[in-house]
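Student: Before I ask anything, here is the structure I am working with.
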Amino acid sequence: MSQLVTGEAVVLQVRIARMPTRALACAIDVVLQGIVLVVLISLLAGFLIGGQASEALAAALIFIVVLLVVIGYRVVMETLTRGRTLGKMVLGLKVVRDDGSSIRFRQALVRSLLWFFVDFAPWFAACPGIVASLMNKQGKRFGDMVSGTVVIRERHQPMASPPLFVPGHLVRWAQSLELSRLSDDLANASRDYLARYTELQPDARTALGDALASRMAVVTAPAPPVPLIAPAYLSAVLAERRRRELNRLATRRPLHAPSYAIPPGPFAPPTPYGALPAPAVPVPGPFTAPPPYVDPRPATLNPQGWAAPGSNEL
């Protein structure tokens, strides 16, 4: 596994394609290109022989066809498919930029030109690209170094999660473990070891397990009350770590949307706009409406409750 840092400073864990896989993908592409070249040159030769063209014209046309098939095929395929050729599709490979983004026409063109003229050129005995890929930690050839690209593996077998458990007589010890110093890298390495436990050779299995258990014992405390083999010790620590993570996720309260209403009462927080001014008392002026007229003489009401007409008139 290798790490790619994106433009947003996000670290991506990717699997780098190594030289044997890339060579097989390249061989598939070369075979396909050879078939196309044979067909095109056969058609072109029949046309040239029938037309009795000059040798210079025939050589120029054949050279152009070779360049179009050898270089144009890679440029067009990697541009349209964002980093894949037919050989890479078969083996699950992809060309990406150093930040993990898809390549463009410029990167595809630079990679293809250097592939033909430098990395696997006949006059260099096809050695520079192989030597550079073997010496580079990310398997880059000169074309990848110049264009800023790397070939990664998109398809790989998913690793099964190993069964983690704590023996019944060690539950109390596991609950008292101090795991704050346990890093994610060490936990992931231990989990990968347990997942591949049956695939390792006995000597390598024992040596790797003891090494991981020793590193785990340095960053955790207390030590187990009874002797444990390395796989059982790693499994118990990882199981307790997973249990605590699940409990923390289960008890985490959901975040609620903030309320913008001001609660009533004497202890309400102050308004962000300051104290609100008191309502102004209207002051009578020259244009103030006169107060409503109230007649001091009450009107005479009839038995139905209506005021008799003219009862309050002078």
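The values are calculated or read from the model by the stated rules, or taken from the named source; none is laboratory data. On a predicted model such as this, the values are computed, not experimentally measured, just so you know. As a convention, Cβ positions derive from the backbone with ideal geometry for all residues, glycine included, and neighbour counts pool all protein chains shown. Just so you know, the surface numbers come from the protein's heavy atoms only, side chains and all, with ligands and any DNA or RNA stripped out. Shrake-Rupley method; radii C 1.70, N 1.55, O 1.52, S 1.80 Å.
Student: How would Phe120, Phe63 rank on accessible area, largest to smallest, probe 1.4 Å?
Tutor: Result of the area sort, largest leading: Phe63, Phe120.
Student: Where in segment 26-49 does the amide nitrogen come within less than 19 Å of the point 7 Å from the Cα of Glu55, taken along Cα to Cβ?
Tutor: Under 19 Å, as judged by backbone N against the label point of Glu55, lie 45-49 of segment 26-49.
Student: Probe 1.4 Å, all protein chains in place: accessible area of Ile229 in Å², nearest 10?
Tutor: Spelled out: Ile229, probe radius 1.4 Å, area about 110 Å².
Student: Give me a comma-separated list of calculated 3J(HN,Hα) values for segment 59-67, in order, Karplus coefficients 6.51, -1.76, 1.60 applied at θ = phi - 60°, integers in Hz, x for any Gly or Pro.
Tutor: Ordered by residue, 3J(HN,Hα) equals 5, 5, 5, 5, 5, 5, 4, 4, 5 Hz.
Student: Can you give the charge dipole size of segment 50-155 about its Cα centre, rounded to the nearest 20 debye, using +1 on the beta carbon of Lys and Arg and -1 on the beta carbon of Asp and Glu?
Tutor: 480 debye
Student: Would you please put 139-145, 72-78, 96-102 in order of how densely packed they are, using the mean number of other Cβ atoms within 10 angstrom per residue and starting with the highest?
Tutor: The densest-packed peptide leads the list: 139-145, 72-78, 96-102.
Student: So what J values fall out for segment 214-229 if you push phi through Karplus, 6.51 cos²θ - 1.76 cosθ + 1.60 with θ = phi - 60°, rounded to Hz, Gly and Pro as x?
Tutor: Taking θ as phi minus 60°, the curve returns 5, 5, 5, 5, 5, 9, 10, 7, x, 6, x, x, 10, x, 10, 6 Hz for segment 214-229.
Student: A further question on this structure: Amide H neighbours of Leu93 under 5 Å, counting only residues 5+ apart in sequence or on other chains, H built in-plane at 1.01 Å?
Tutor: Hits under the 5 Å cutoff: Glu154.
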